[in-house]
Ligand SMILES: Nc1nc2c(ncn2[C@@H]2O[C@H](COP(=O)(O)OP(=O)(O)OP(=O)(O)O)[C@@H](O)[C@H]2O)c(=O)[nH]1
Ligand SMILES: [Mg+2]
């Protein structure tokens with residue numbers, strides 16, 4: 001299974017299989033959470049899953065599973081704690097639930113605190129921990145409330161992250177550019193702020209009694225101020241970028257989009273001969289990079305690599321990555337990359353389509369790339385070809401495939417190009433570079449008035465060049 005390198009901390013995954021989620025889906029979701037947690041730098045030492053009617057209101061799991069979980073982390077496995085707590089709504093509800101539970105384990109107390117029966121509480125899927133390794137992180141494959149997180153942390157004695165928390169943490173660690181850092185920080189503070197409110201008891205204990213509310217207020221105000229500050233900074237950074245972008249406005253652009261780990265960066269490398277980061281982990285790329293197709297097409301075609309998508313991408317992050325994805329929005333052609341060797345590729349494509357729709361890129365022409373065919377068995381490949389007759393089947397590792405893709409991209413733009421003539425007066429010789437960059441010059445002749453260029457270019461590019469020349 002996993003190599004037990006001592007330096008890497010250990011984590012336990014927790015998931016509840018809710019009604020309506022089949023086993024295959026449930027297993028795939030858990031595997032994905034596992035990859036996310038590994039990307040975060042942990043070894044997954046155990047997975048606890050349980051079938052339930054609903055997430056347990058207090059601590060997601062039922063009592064038995066909770067104790068089982070605590071055995072991995074060294075916690076007590078009980079919700080009760082001796083520390084005095086501020087009595088907020090969640091707390092009161094939790095206490096009511098505890099009282100109920102005295103009589104009948106996991107009985108529901110009201111509609112929204114419904115705590116279904118543990119269907120398989122007596123059948124642990126994993127042996128008790130034997131490695132002596134203690135998990136320092138519990139990752140839950142659901143989005144859960146701040147009070148559920150707090151209860152779980154109390155019962156396990158270690159940090160608990162829900163799915164959104166894990167993803168935000170990864171984004172936080174991987175963001176490199178100024179823009180990505182700012183966006184992630186905003187998303188993170190937005191995620192943290194409501195948790196601060198409900199976990200007010202913590203800061204009360206830290207700061208001493210009485211100062212609680214005002215300290216909490218202070219924290220919240222600080223976060224608000226900080227978010228405002230970061231947003232201002234972000235606007236400035238984006239202003240610079242849109243200036244730079246407008247310089248490239250006419251270039252033919254394609255954007256690689258798709259689920260995380262589908263092979264976008266690998267294709268980017270292969271298509272442009274550049275050295276962008278390729279890694280077998282989720283969210284390796286958090287910034288959009290732009291490079292020219294190589295060998296160069298005339299006129300130039302620019303390729304952008306973008307952040308990968310994931311199922312249940314926190315809404316905040318979709319919003320905050322919008323501008324990173326603006327690159328994609330401005331593309332004339334979207335290359336939808338899917339991992340053909342992943343049994344979940346259809347679902348992953350659906351996620352990609354829906355996120356792109358959400359950010360307003362639903363109408364951009366697209367080409368489906370089914371990547372990693374080197375990992376697909378021949379019979380299965382035939383079946384895929386029948387399902388997707390218009391897709392490009394390729395392996396980013398196969399230069400012949402990549403060359404064919406390049407030709408396909410060039411042909412796409414070629415089809416939209418028209419022939420035209422440009423007059424270049426002597427006083428405008430400085431624009432010659434601009435012309436060569438945005439059009440293919442077929443013929444160039446000079447007389448006493450200047451140059452007469454026969455070109456082939458995209459209609460919009462031709463129009464813009466003409467207006468530059470006549471100004
Ligand atoms: N066998 C095989 N592996 C591939 C192929 N394309 C990419 N990979 C591998 O898949 C993994 C992910 O590739 P990336 O190019 O980083 O994927 P990505 O879509 O950019 O991922 P994110 O940046 O995380 O969204 C790497 O380990 C690649 O080496 C392929 O055609 N065949
Ligand atoms: Mg990438």
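The values are calculated or read from the model by the stated rules, or taken from the named source; none is laboratory data. Bear in mind that the values here come from a model prediction, so they are computed numbers and not experimental data. Every residue, glycine as well, gets a Cβ built from its backbone with ideal geometry; the counts of neighbours run over all protein chains shown.
Residue 435 meets the conditions (1) under 39 Å from the mean Cα position of the chain (by Cα); (2) on the phi > 0 side of the Ramachandran plot in every case but one. The failed one is (2). Give me a count of the residues in the stretch 301-340 that are within 16 Å of ligand 2 (Cβ to nearest atom) and either modelled with pLDDT of 90 or more or part of a strand (DSSP E or B) (or both). Result for the stretch 301-340: 10.
Of the residues making up the stretch 381-411, those that are more than 10 Å from ligand 1 (Cβ to nearest atom) and surrounded by 13 or more Cβ atoms within 10 Å (Cβ to Cβ) number 14. Would a scan of the stretch 361-375 turn up a residue that is at pLDDT below 95, under 26 Å from residue 406 (Cβ atoms) and within 12 Å of ligand 1 (Cβ to nearest atom)? Looking for residues that are at pLDDT below 95, under 26 Å from residue 406 (Cβ atoms) and within 12 Å of ligand 1 (Cβ to nearest atom), one finds none in the stretch 361-375, hence no. Identify all residues within the stretch 56-70 that are closer than 16 Å to residue 158 by Cα and in a strand (DSSP E or B); write none if there are none. Of everything in the stretch 56-70, just one residue is closer than 16 Å to residue 158 by Cα and in a strand (DSSP E or B), namely 60.
Among the numbered conditions (1) under 16 Å from residue 296 (Cβ atoms); (2) modelled with pLDDT of 90 or more; (3) exposed (fewer than 12 other Cβ atoms within 10 Å of the Cβ), the only one that residue 433 does not meet is (2).
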